[in-house]
1. Among Phe83, Pro69, Ala137, flag the residue with its Cα farthest along the positive direction of the charge dipole of segment 44-187, charges on Cβ as +1 for Lys/Arg and -1 for Asp/Glu.
2. Can you pull the percent of segment 48-134's accessible area that's carbon plus sulfur, 1.4 Å probe, other chains left in place?
3. Just the number, please: carbon plus sulfur as a percent of the accessible area of segment 544-622, 1.4 Å probe, no ligands or DNA/RNA counted.
4. Take each of the peptides 577-583, 424-430, average the number of other beta-carbon atoms within 10 Å over its residues, and list them starting from the highest.
5. Ranked highest first by the average count of other Cβ atoms within 10 Å around their residues, in what order do 509-516, 78-85 fall?
6. Using a 1.4 angstrom probe, figure out how much accessible area segment 109-175 has per residue, in square angstrom, rounded to the nearest whole.
7. For segment 136-213, give the percent of accessible area contributed by carbon and sulfur heavy atoms, probe 1.4 Å, rounded to a whole number.
8. For segment 52-116, give the magnitude of the charge dipole about the Cα centre (Cβ charges: +1 Lys/Arg, -1 Asp/Glu; no others), in debye to the nearest 20.
Amino acid sequence: MSGEQPDSTDRDRGAAARGAWVVRFLRERPSGGGAAVGLPWRWSASAVAVMVLGVAIGATWWGSWGGAPVFDDHYLVVPQRCFGDLERLSRTVAFVSDHSCAYRPVRFWTYHVEHVVSGGAFAAHKVGNVFWHWLAACAAFWLAALVLLRTGRGAVAAWGLGLGVALLWALHPVQTDSVTYVSGRRDILVGLFSLLSLSALLRGEESAGRARAGWWALGGASFVLAALSKEVAVAVPFLWLAWQLRTRSPGAFAAEHPVLARVGMVGVVLAVLLVLWRGVFLDYSLLDGWWGGGPVSHYATAVVLQLRALGLGLGVVPLVGDYYPETIPLAAGFGEGRVLLALGVVGGVAALVPALWRSGHLLAWGLLFWFVALAPSAQVFPHHELFAEHYLYLPLFGLVLGGVALLDGLGRRGGRVFRLLPWVPALLVPVLAVQTAARNAVWADEFTLNRAILAEAPANLRARYNLGNFLHLAGEHDEAVEVLRPSRDAWAGSHPREDWVTLEALAGSAWIVGDAELVGQVARAMRERFPERPRGHELGARLAMDAEDAVAVERHARAWVERAPGSTEAPVTLALALATQGRLEEALVLVEGLDHRSSAELTALRCRLGGALDRVLEGCPP
């Protein structure tokens, strides 16, 4: 008998002897020793679990609801570009580009509902994140209970352990990056719908007729919503097939469920195509280059990131909040000591999956869940963000499930001391809740968050620029300069990838400090490394304006206009350069093509040009 097949009848008799009311509360029908159907307890037992999760999550995130926007909130949520009215919301179903509102649209649908209900209050989105996280925790409880029942646990054990898994997963401090951060909604939604999809698909296997069709329809619809929330949803068909193959060969599964096998393979093929499309053909991939300058450095760094992710999941590595290359130094190759350490640890953990697979131990599927759900974000294909805590939102479920199953298995087989191990999750829950509540305070605003990041990673250029920029905007210019001054020292040691965000951070820092030489160097690097983007030419035009070099302003402004056709500022800058050279007619043609009602500055320029040419334009004084 495998380690995952205890005698559930004996366990239930023991539970009844300790407290028959518990079994009566949970049990709706006898579970026996066969495969359980659904959740074998009254709906009220599930309702209690749902309420416990709601109270725990609400209490943990209570103090975070009044927080300010941070990071991507400033352009994804605050401007309300993709929600707020039906015209803006319609942009989410009209694909234009990777950066359009149609990219991960489900988050904007949920933002819109909150906007309508609250009248546009930012706090409503904060509360919304907590609400959706609660729903995801309920889905985590359902899936955990289902798989625990299917590995031989009785009703009492499955209910208690399932609730423990959901609580540990929901209250883990690493979840603050997804829940406290409004733009982290994408990870909450993909977690919710992925867990819901897997639960419904598992539930449908043991049903028949219309019930089976209904569960499968729910599983399929949830998968579609997960895929529209974030690309991590590609893990769902792999995880579902892996569950089917835990106790039978692929041939046996295909013979028993031919339709399911075909659907599963189609799902895997579509998932692979989605990964390739997202990873190779969109501009967040190889177009940005390899981290570290080449594939060897890139994949050596990816191994180190896997170790960092495992450490964060186990709670043995401090949270930082922003993991740009200065936070996790890029590896030069596989010969480095930390890379070898990462290969040993991560490889050892991964080796447990095949070692335990034949025994049917739930730890094997939990670890596989961790690695598969993390794979889309694990730099298999290079993308713009080296690492982030919100990458762990969904994978963490597998790690927690496997850990709880391991403790329960040891408790049932060991001596008296080991019998206490299944209670460890209950002791960890309040500890994690306190840590998470404290971590929420770090995400209160840009000042608190970026100061905390710099305390852990002083060389992080992005956090330094963010803090300095917001101090500058708040009128604390002297403090901003002090924060940003070390950025010049970082320029010489910038990592070989010279990614866009680092260049933006360096340029912004140098501009606030007033270091024109560094701004010029970074602007040239932008034009050479990213010639299709307008920012390098914008900076060049601004520097030329300060130097009163109208010819250089014109050159850069023309390139700026070409690369930013929707910009108003670019043609205005070009018009000023032309007017300075006496080419008033050309300047007026440029300005007349713009909507002069969009700004008072544009209206004034238009009228000045008309006056210089002895013309009285509409809307201008005679």
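The values are calculated or read from the model by the stated rules, or taken from the named source; none is laboratory data. In this text, all values refer to a predicted model and were calculated from it rather than measured experimentally. Because the Cβ atoms are built from the backbone with ideal geometry, glycine has one as well, and the counts that use them run over all protein chains shown. For accessibility, only protein heavy atoms count, side chains too; no ligands or nucleic acids. Shrake-Rupley method; radii C 1.70, N 1.55, O 1.52, S 1.80 Å.
1. Ala137
2. The computed percentage sits at 72.
3. Heavy-atom surface of segment 544-622 belonging to carbon and sulfur, 1.4 Å probe: 53 percent.
4. Result, highest mean first: 577-583, 424-430.
5. So the peptides 509-516, 78-85, ranked by packing, come out 509-516, 78-85.
6. 24 Å²
7. Working: 830 of 1320 Å².
Here it works out to 63 percent.
8. Details: 5 positive and 6 negative charges, 17 e Å.
That gives a dipole near 80 debye.
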